[in-house]
Structures are given as C-alpha cells and as structure tokens.
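Data first, discussion second: the structure below is written as structure tokens.
The values are calculated or read from the model by the stated rules, or taken from the named source; none is laboratory data. Everything numeric here is computed off the predicted structure, so don't read it as measured data. In this analysis, Cβ positions are derived from the backbone assuming ideal geometry, glycine residues included, and neighbour counts consider all displayed protein chains.
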Amino acid sequence: MSEYAIEASGLRRTYRSRTGWLRPQRREVQAVRGVDLTVGNGELFGLLGPNGAGKTTTIKLLNTLLIPTAGTARICGFDVVGQTREVRRRIGYVFGGDRGLYDRLSARDNLRYFAELYGVPGREQKRRIAELLELVRLTGRENERVESYSRGMRQRLHIARGLLHRPRVLFLDEPSIGVDPVAARELRQTVAELAATGTTVLLTTHYMAEADELCGRIAVIAGGRIQALGTPAELRHHADGRRVLEVEAYGVTDDRLAVIHALPGVREASLEVVGAAQVLAVQSDARVDVQADVLRALDGVRLGRVTARQPTLEDAYVAIVNRVDGRRAAEAVPA
Amino acid sequence: MIAVGALLHAKQLSRSPFEIATALIVPVVQATLAVYLFRAGGEPGRMLEAAVGAGLMGVWSSVLFGSGGAIQNQRWLGTLEMIMLAPRPPALVILPITLATALTGTYAMAATLLWGRLLYGIPLDFADPVAFAVAVPGCVVGLGMFGLLLASTFVLLRNANALTNTLEYPIWLVSGMLVPITVLPGWTGPIAAVLPTTWGARAVREAATGSGAVWPSLGVCLAISIGCLAAGALMMTYVERRARAAATLALA
C-alpha cells in the first residue's frame, strides 16, 4: 500500500478554447499552475480558495476527469493518466449543487444504477444501498423521485452515491454549497464520521468554519498555486501581529473601501454583505489602532456595531488570498 | 449491468413530459405524412409499407436523438462525468443509454402503426407476422449499436444537438425508410449500402409486405451494427481520453 493516498507533483492544467470560424480567436486560461501536495491515508484534507482559484480543476485532475497539461498525480500509488481504471476503483466523487442525479428516478434507482456501474456485486447491492440510505438519513424516502428532494437531501444522496463502492479516497467538491445551515451541519457530521472510519477525504470549500472544524490540514489555493499549507492552527499564524476591526455598515462604496485600504497601518480591508447590512473587516498591524481613522473615512455612512477582535482562520485566509491578488496586480502594471 | 442500465435509462426517458408529448404527437404526424405521400403518389395499395416506413423513421429519430440528445442530457444533468468516472470501459457505460433509446423507439413503431390503423384504416395484414415480430426488435437492437458509434462523437462535442438535427432527415431518406432507394440519385447508393438503417428498414418492410427474403437483410443489418458496436467501443475509449484532455465532459 502506498504511503500516501494522494500525491501531486508539478500539476498544471491549461484550458484552451477557440471562438469564431472565419477569424478564429484562441484563448488560454491557466487554471492550475504547478500544484504539489501529498495527503496521507485516512487524512481529512481541505483545499480552500476563492472562486476561480483552481480548486475544482485540481480535484478533476486528481479524480481522472481531466488530463494534466503537465505534472503527475497518483492516487493510492496509481497514476491518474496511465492507470485510470485502477484509480477509479478507489475513488468517490461528490460535488455540490443540484445536478449529478437522475431526477425522474427514485433515490433507490439512482443508487442501484450507480452500484452496477461502479461494480458493486449484485448480492451485496441491496444491503449496501440500505446501509448508505441509513448513513445519509434518507431511509423511508428512498422510493420518492429525486426531483421532489430538497437540496440537502440531494446532497446527502450524492454522498451515498459516492460511497457505494467503498472508495478509499473521497473527493468532496464544495458539498455544502447552497445548503441550509442545519443540512450543512448534518453534512459535516457525515463527513467527520467517514473520516473516522479511515476514508481519506479531500474537501474543497469556501466556508472557513467548515474547513476549521473538519480538516486536519488545509491548503489555501489561489491563482492556480498552493499559497499556504498547514494545520488550521499553523495557518492562523499568517495573521500574526495583526488585529481586526469589524464595522457593521450600510452603504460602503468601493471608493471608501479603497480609502480605508490606503490608511497607515491597514493591511487588509474586505467587505461582506450579511443580510441587509455590510460587514467591513479591517486588518491592521497589532500595534496600530486604526479605529479612529476608519470611522473618519466612513463619515456619512450609517453604522451599526463596531468591534475589535483577534484574527481568526478566516482573517488568515483573507490575508493569504489578498497577498496573491496584490502580487498579481503588481505584475499586471507595466514597468 | 447493460440490462439494468438500459431499463433505468428507459424509465428516466419515459418519465420526461417532453418525451411523452413527443411520443404522442410524432407518430400521428409521421403516419399522416406517410399516408398522404403515398396517396399523392397514386399508390394507395402500399399503405402498410407507408406506415411501417413511418414507424421506422420514428425508431431512427429516437436512436439519433437518444444517442446525441441523451449524451447532451447527461451533460445537462451533470451525470456524464459521474458515469464516465465508473471503472468500466466507456462503451459499456454508454451502450445502455443507446439501447434504452432504441427500446423507446420501438414504441414509435407500434404507435405509428396503431394511428395508421385508427385514423386512416390501414389494414395491418403483415405478410409474415413472425418475421415482422423478429425483424423489428432486431432492427431496433441494430440501430442501438449504431447509436453507440454516433454517441462517441457526441461525447466529444459540446453542441451535440446541432449534429443530431442535421443527421435526422438525410439518413432516413438515404436509407429508403419511406421513399424507395431506386428513385434517389445514384451517388447515394454506396452510402445507403453501408448504413445499418438501410438493411434494417429493408428487413422490416420485407416482413410486412412479403417483397423479399427477410433474414438476409436482417443479417446484414446486424452484421453492420456489430461492426459499428466494435468501432464505437474503440472510438469511445479514444474519445473519452480526448474529452478528458479537451475538458468537454462537463458543460463548463
């Protein structure tokens, strides 16, 4: 047995597209630009990154759906390009969202079909399907058509489908996207139970709390490269020496955000919409108190609660990602 | 696996409101088209041949749209990636889909004959009912295998439906499903000769009207179809790899 469940070395993927017939225009997008990582057997590993960072492409390179432009990857010691079938026998793939199931069939029919496809022996299928329906808490609803399911139920069915053939490595690509908080908590519980049984899980997510709660190690990917890798505690160090000011506001414009970003001592400033309000998070050097300057810059804007706190994993993540964005912006400026 | 897959795909297909509406309307349209075509041609005695030809058009449409449309549907449903991830030869994964569409196509044949009988009083006096009962499923299975070859192209093309639309009418025309091949330009002959649809249509027509020996035609249809199955299986393996390189398994 290989020491690692997942190994990737110098993994790259470029998408090429062509538009127009008479004067065709070719376009190249480098989605993954050299990813190196190893995931141990039984590890729950998180891949965190903003939209377009290369998370899904990385997963698809590892699970054989895409062929790398360069580099190599092995799953349980098998090469993803040359030993595709061996890899596929050992992996499960679950992605978030509404798609990926036969809506007009029942959950049981969906599982039965995929059990056949994934080579679950006929005499085992009935028992395995019942076990999985129980695991994802769909027992009693298995004969209803999938089109009548809520998003959370579909997502749980996705997980059951991904586990039919007892994969050693499970790829979860943003499984909690669009799922309500209660369903998301149930999902996290299911994933944690899986990892406890020895299944290696590679999870991609936008949600920091999810990664923090579940993952032993996390890689932050941005711009197609791994920017930071470590345990959640290690990643938090990326925000060491900083403090965070959070301001609830209504009507902060991009111009004002830019002004705040340029204030002395400010390292990061980000704006998130939460319901009707905006939450402005300003990271600054720990020894500089920027509160007065920030409030001055927000003069005229209706404000709510103002709090100062220690940085979290999310702040560390923002710091890492913004550093990449800043570097790319600097590279884009002509000399 | 092939049987369970074909059955469940047929179940999924037959529950689509669009498919149901199409299955109800298209056979009436095709039966009407065939009847008026033959009446206008001053050959009212060949009504059964017309109805059988129209039924075959339905089977072909189902296989063609089934192969192309089903692959595209799998893409829209997000299931194409999931089924291609199965540790099986790609041809084995796709064959149940094309067989399911051929199965639903059998209904088109039955419905066209029934509507022909009910609306236009076409007598269902088959020259050799046993041969007809064998030739139709034989032709359907043959076309299902041909569908695999078509499907391999559709896996690669993201806009597969554009291709299906352009293939529907030329193939049934060249195959002589409705209009005899003899009235078509000479250059269509070699094309017709290598299409399993031509031989399948001929076998079914011969069984219905007694115009010739059914078994040789059916044999040629199945032989060409098995060739298509083998070519489709090889193509599918190649195309699956190409699709992974070109990233065309998903919609985006």
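Output the residues belonging to the range A:98-128 that are away from chain B (no Cβ under 13 Å) and closer than 23 Å to B:Met84 by Cβ.
A:Arg128
Please state which of the following conditions B:Leu85 fails to meet, knowing it meets all the rest: (1) under 30 Å from A:Leu163 (Cβ atoms); (2) surrounded by fewer than 22 Cβ atoms within 10 Å (Cβ to Cβ).
It fails just one condition, (2).
A:Arg85 versus (1) part of a helix (DSSP H, G or I); (2) away from every other protein chain (no Cβ under 13 Å): which is the lone unmet condition?
For A:Arg85, the exception is condition (2).
Within the range A:133-145, count every residue that is modelled with pLDDT of 90 or more and crowded, with 20+ Cβ neighbours inside 10 Å.
Counting residues in the range A:133-145 that are modelled with pLDDT of 90 or more and crowded, with 20+ Cβ neighbours inside 10 Å gives 1.
Give B:Trp172, B:Trp187, B:Trp199, B:Trp215 a once-over and let me know the one that is at pLDDT 80 or above and either among the charged types (D, E, K, R) or touching a Leu at 6+ places or on another chain (Cβ under 9 Å) (or both). Steps first, answer last, please.
Working: B:Trp172 fails: at pLDDT 80 or above; B:Trp187 fails: either among the charged types (D, E, K, R) or touching a Leu at 6+ places or on another chain (Cβ under 9 Å) (or both); B:Trp215 fails: either among the charged types (D, E, K, R) or touching a Leu at 6+ places or on another chain (Cβ under 9 Å) (or both).
Only one candidate passes the filter, namely B:Trp199.
So how many residues does the range A:239-274 have that are assigned to a loop (DSSP other than H, G, I, E, B) and more than 22 Å from A:Gly300 (Cβ to Cβ)? Step through it out loud before you land on a result.
First pass over the range A:239-274, keeping only residues assigned to a loop (DSSP other than H, G, I, E, B): A:240-241, A:251-253, A:262-265.
Narrowing further to those that are more than 22 Å from A:Gly300 (Cβ to Cβ): A:240-241, A:265.
So the count comes out to 3.
Quick check on this structure: which one of A:Leu229, A:Leu202, A:Leu257 is free of Cβ contacts under 8 Å to residues at least 60 places away in the same chain and touching a strand residue (DSSP E or B) at 6+ places or on another chain (Cβ under 7 Å)?
Numbers: A:Leu229 fails: free of Cβ contacts under 8 Å to residues at least 60 places away in the same chain; A:Leu202 fails: free of Cβ contacts under 8 Å to residues at least 60 places away in the same chain.
Matching residue, one of A:Leu229, A:Leu202, A:Leu257: A:Leu257.
A:Ile91 - would you say it is touching a Phe, Trp or Tyr at 6+ places or on another chain (Cβ under 7 Å), buried (at least 16 other Cβ atoms within 10 Å of the Cβ) and more than 10 Å from chain B (Cβ to nearest Cβ)? So that I can check it myself, show each step before the final result.
Working: touching a Phe, Trp or Tyr at 6+ places or on another chain (Cβ under 7 Å): yes; buried (at least 16 other Cβ atoms within 10 Å of the Cβ): yes; more than 10 Å from chain B (Cβ to nearest Cβ): no.
No.
Going through A:Gly52, A:Gly46 one at a time, which residue ends up being in contact with a Cys (Cβ under 6 Å, 6 or more places away or on another chain) and away from chain B (no Cβ under 11 Å)?
Values: A:Gly52 fails: in contact with a Cys (Cβ under 6 Å, 6 or more places away or on another chain).
Answer to the selection: A:Gly46.
So which residues in the range A:1-42 are among the small types (Gly, Ala, Ser) and either in a strand (DSSP E or B) or exposed (fewer than 12 other Cβ atoms within 10 Å of the Cβ) (or both), if there are any at all? Steps first, answer last, please.
Step one: list which residues in the range A:1-42 are among the small types (Gly, Ala, Ser), which gives A:2, A:5, A:8-10, A:17, A:20, A:31, A:34, A:40, A:42.
Within the range A:1-42, A:Ala5, A:Ala8, A:Ser9, A:Gly10, A:Ser17, A:Gly20, A:Ala31, A:Gly34, A:Gly40 qualify.
Return the residues of the range A:296-315 that are surrounded by 13 or more Cβ atoms within 10 Å (Cβ to Cβ), within 25 Å of A:Met208 (Cα to Cα) and at pLDDT 85 or above; say none if nothing qualifies.
At the first step, the residues of the range A:296-315 found to be surrounded by 13 or more Cβ atoms within 10 Å (Cβ to Cβ) are A:297-298, A:301, A:303, A:306, A:308, A:311-315.
Adding the requirement that they be within 25 Å of A:Met208 (Cα to Cα) leaves A:306, A:308, A:311-315.
Selection gives A:Val306, A:Ala308.
Is there a residue being part of a helix (DSSP H, G or I), more than 30 Å from A:Val81 (Cβ to Cβ), of a type outside the set (Val, Ile, Thr) and within 14 Å of another protein chain (Cβ to nearest Cβ) anywhere in the range B:123-142?
Here is the first cut: in the range B:123-142, the residues part of a helix (DSSP H, G or I) are B:129-142.
When the remaining residues are screened for being more than 30 Å from A:Val81 (Cβ to Cβ), the result is B:129-142.
Restricting the remaining residues to those that are of a type outside the set (Val, Ile, Thr) gives B:129, B:131-133, B:135, B:137-139, B:142.
Keeping just the survivors that are within 14 Å of another protein chain (Cβ to nearest Cβ) gives none.
Within the range B:123-142, none of the residues are part of a helix (DSSP H, G or I), more than 30 Å from A:Val81 (Cβ to Cβ), of a type outside the set (Val, Ile, Thr) and within 14 Å of another protein chain (Cβ to nearest Cβ).
Yes or no, residue by residue, for (1) touching a strand residue (DSSP E or B) at 6+ places or on another chain (Cβ under 6 Å); (2) farther than 18 Å from A:Val201 by Cβ; (3) at pLDDT below 90:
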site: A:Trp21; (1), (2), (3): no, yes, yes
site: A:Arg27; (1), (2), (3): yes, yes, yes
site: A:Asp36; (1), (2), (3): yes, yes, no
site: A:Asn63; (1), (2), (3): yes, no, no
site: A:Ile67; (1), (2), (3): no, yes, no
site: A:Ala70; (1), (2), (3): yes, yes, no
site: A:Arg74; (1), (2), (3): yes, no, no
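Do the conditions hold for A:Asp293, that is, is it modelled with pLDDT of 90 or more and not basic (Lys, Arg)?
yes
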